[in-house]
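Scroll down for the structure; my scribbles are underneath it.
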Ligand SMILES: [Mg+2]
């Protein structure tokens, strides 16, 4: 692959988790909207609810003025706990997003009411979150997956491709 193609798979920033991102710096850079992946970014794959610490993080980010939305490829229809929590936090949820296709990301920008230069995508997968964000020119932040459990497709295909792209995951 040539350099510019590889760049599409490169996050602008990487961190061990959503707790270790410098949100103050993002704000100073003009980022106002955060487009967050759910599974293995904010909670383990298919978790029925968020843990307290993550809820606190999300509400503190809202308190700082960030607009947040969840963009998930998951079928969340039956995960009422998560949907209810997000509703209580006032965080819109867009699913199934079909990342890396652009439609969900565009919908997220519209929902947040921010331009692409004012948004950041935060997620654990190169082939969905990072590729999708980069394709639209949105700032991208890769985090380590919260748990080793994930969708079989992710485990069998996506993670192998990530390895070929040079990603090392600490687990
Ligand atoms: Mg994920």
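A few comments on the model shown:
- On full extension, the segment bounded by residue 161 and residue 149 gains 2.6 nm, given 0.36 nm per residue less the C-alpha separation.
- Listing 45, 27 from fewest to most neighbouring C-beta atoms within 10 Å gives 27, 45.
- Computed label-point distance, nm, for sites residue 116 and residue 135 using a 7 Å Cα→Cβ extension: 1.1
- Net lengthening on full extension, residue 62/residue 77 (0.36 nm per residue, minus Cα-Cα): 3.0 nm
- The Cα center of the stretch 29-91 and the Cα center of the stretch 110-171 differ in position by 15 Å.
- P(r) of the stretch 12-164 over all Cα-Cα pairs, binned every 5 Å from zero, in whole percent: 2, 9, 21, 25, 23, 14, 5, 1, 0
Every read-out reported here was derived from the displayed coordinates using simple, explicitly stated rules and does not represent laboratory data. Keep in mind that what you see is a predicted model, and the values were worked out from it rather than measured. Ideal geometry is used to build each Cβ from the backbone, glycine not excepted, and the neighbour counts take in all protein chains shown.
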